[in-house]
Structures are given as structure tokens and as C-alpha cells.
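*Asks:* Let me begin by handing over the structure; questions about it come next.
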Amino acid sequence: MSVDAIAVEMGGLHLSNPTVLASGVHGSSLAKVLGALRVGAGGAVTKSIGAVPREGYPEPTLVEVEAGMVNAAGLPNPGAERFSEELAEIRGRGLPVIVSIFGGDEREFERVAKTLDGNDFAAYELNLSCPHVAGVGTEIGHSPELVARVTKAVKRSTRKPVFAKLSPNTERLVEVGRAAVDAGADGLTAVNTVRAFPVDVESGRPALSNGYGGLSGGAMRPVALRCVYELREELDVPIMGCGGVARWEDAVQFFLAGADAVQLGTATVRRFDTFNEVNVGILSYMERKGLAKLADMVGAAHRGGFSGGTP
């Protein structure tokens, strides 16, 4: 089966395959982002970029837990002006780089977008849902009104596709997603990490310097799948599934639940070159199921699965 069968067109964003490096895993420079594209990713999301440089939290910022990790890096980034200089290095290459941006309100988001927008990258991802940074995280992502204002502000600053990254830490998930779409978002990323609080038994203190962090990895995959399923039930919009994708089977679960593409994050910490393996597995699954294109399986769980047996 040709690799063209898993090419993705979503909201004006073209991906040669449906695997995307997730934001926030490998630092704020472009090196790892470009490295992911070289080892098989169809796209790659940068670290979240804000209006001004930010150091983030002191160590420890990451702790391993059963079937996942909890991190609280604190959104370290070089700021929009410096990152714009880095983006200039890829001008004219037409790479599927997606830039994640954050801010405290719609004015900050708009400022960042205007600073970056003249560069050659494929799309924006709006980080509306960081679970461990006050003022720029879930306070925005839990409010449909704030999400709508941020989305509108960025959309009027760019012609690039805009994806809103949603929080799983709210009962208003679909309402927030609908607000983003109604405000002009070209797609959604579902979802950010689950708010968590690991404790170190030897010291008796919180295991992270910030106390609270975000749970990622396999432990949160069923939560992320539920979020994708709920969004697809109500909204006809491209969705990138994110949360615990490490193998082709994980990716297929997200497609069946309604995602058009998947992001890999925590899995790439342990093995950075996993994208090709996931893509090969997807293609083999499609051939076995007699599916001509990826879209044939997207949302199948909403349609009662496949005739002649379960997926």
C-alpha cells in the first residue's frame, strides 16, 4: 500500500503522514522539531512560545510514574522575537512546522502571532490548556468566552491554519471546542496533559518544584480518547489526537474515535525515531482491513465499527 494512503489534509494543513511531534517535549529550539521531520514525522509542533523570554521552573521538572510522566517545565521559551530569528533559518523550505503559542489574554496571543507570522511555517497551535502555569493555562482553556476571543485575535493576525489545543481538565470540553471553531479555528488538538500531583516518598515533599504538573503517556490515553470521541460526536472539524500514542495500535484507536492525525510526545522521549514504525503499522492495518485511505477509518467507532467484525 502506498504511503499516499495516509497523507492528511486538515483545515488547510497538509501532512505527508498522520504522525506529528507534540509540543513541549524536546525543548524550545528548532533542532528537535526538524529532527522529527527527518525521522518520519508528518509534522512537528514547537515548544510553546510567548511574548517575552521565560526561564520556566527550577528542577525537578519531570518525574516518571507508572505508564507515563508528570512534568511541569513552566513554559520555558526564548520569546517571540528571538524565536522569529530561529524560524528565519527555515524560510523557503515549506516544512510542516506548527508553532505553538501562549499568552495571558487575547492581546498577548495576537502580539506573538504578529511577531512570528512573517516566517515560513505551516500553522499555529494555540496552547489554551497548560495545567501548571497560572494565568496562561487552564484559566483560559476552561472559558468558552476567553477561547473565542483568543482564537479570533490570532485568526485576524494570520492566514495560516489555527488549531486550538484543548484541556481535558474541564467538564466544558465540547463547549470550549465549539467556541474555538465558531471563532474561526481550523481544527482542534485534543488534548493537553491531565493535571497531576506526584509526591516523593523519601523526602515527603512534592516530587516537582512546582508541585502540580501535567500527566502524559499511556496512563492518560483513555482520557484523551474520550475527549476526541466527545468532540467528534458534536463537531465536524479536523482533530489532532494527543495523549499516550506510542504504537500504531494507539494511533488507530484515535482514528477510530474521530481523530484525523495523532501527536506523539512522551513516547519520543524514550525513542525519538518511532514515527516510521507507527506509520508502517497503520498502513499494514489498513491493508488488512481493506481500507483505501486513512479517512475510511476516521470516526468508525461512531458508525458501529467495521462490517464483518470489530476493528
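The values are calculated or read from the model by the stated rules, or taken from the named source; none is laboratory data. Please read all numbers here as calculations on a predicted model, not as lab measurements. Every residue, glycine as well, gets a Cβ built from its backbone with ideal geometry; the counts of neighbours run over all protein chains shown.
*Asks:* Starting from residues that are β-branched (Val, Ile, Thr) and part of a helix (DSSP H, G or I), keep the ones in region 1-10 and report whichever is surrounded by the most Cβ atoms within 10 Å (Cβ to Cβ).
*Replies:* Here the answer is ILE6.
*Asks:* Among the numbered criteria (1) farther than 22 Å from ARG271 by Cα; (2) surrounded by fewer than 19 Cβ atoms within 10 Å (Cβ to Cβ); (3) over 16 Å from the mean Cα position of the chain (by Cα), which single criterion is violated by VAL223?
*Replies:* (3)
*Asks:* Using beta carbons and a limit of 7 Å, which pairs, at least six apart or on different chains, have the first residue in region 213-241 and at positive phi and the second one surrounded by 24 or more Cβ atoms within 10 Å (Cβ to Cβ) and part of a helix (DSSP H, G or I)?
*Replies:* GLY217/THR266
*Asks:* Count, please, the residues in region 7-53 that happen to be within 16 Å of the chain's Cα centre (by Cα) and either of a type in the set (Ser, Thr, Tyr) or over 20 Å from LEU283 (Cα atoms) (or both).
*Replies:* Number of matching residues: 18.
*Asks:* Still on this structure, please answer the following. Would you call LEU264 modelled with pLDDT of 95 or more and over 15 Å from the mean Cα position of the chain (by Cα)?
*Replies:* No: the conditions fail for LEU264.
*Asks:* Also, I was wondering about something else. Any residue at all in region 182-196 that is more than 17 Å from PRO238 (Cα to Cα) and surrounded by fewer than 21 Cβ atoms within 10 Å (Cβ to Cβ)?
*Replies:* For region 182-196, residues more than 17 Å from PRO238 (Cα to Cα) and surrounded by fewer than 21 Cβ atoms within 10 Å (Cβ to Cβ): present.
*Asks:* Still on this structure, please answer the following. Which count do you get for residues in region 215-248 that are over 19 Å from GLU175 (Cα atoms), touching a helix residue (DSSP H, G or I) at 6+ places or on another chain (Cβ under 9 Å) and among the small types (Gly, Ala, Ser)?
*Replies:* Looking only at that region, the number is 6.
*Asks:* Name the one entry in GLY290, GLY299 that is surrounded by fewer than 19 Cβ atoms within 10 Å (Cβ to Cβ), small (Gly, Ala, Ser), over 16 Å from the mean Cα position of the chain (by Cα) and over 30 Å from LEU62 (Cα atoms). Reasoning before the result, please.
*Replies:* Values: GLY299 fails: surrounded by fewer than 19 Cβ atoms within 10 Å (Cβ to Cβ).
Exactly one residue qualifies, and that residue is GLY290.
*Asks:* Oh, and also: Identify, from the list ALA51, ALA80, the residue that is touching a strand residue (DSSP E or B) at 6+ places or on another chain (Cβ under 6 Å) and buried (at least 20 other Cβ atoms within 10 Å of the Cβ). Walk me through it before giving the result.
*Replies:* Details: ALA51 fails: touching a strand residue (DSSP E or B) at 6+ places or on another chain (Cβ under 6 Å).
That would be ALA80, the only listed residue that is touching a strand residue (DSSP E or B) at 6+ places or on another chain (Cβ under 6 Å) and buried (at least 20 other Cβ atoms within 10 Å of the Cβ).
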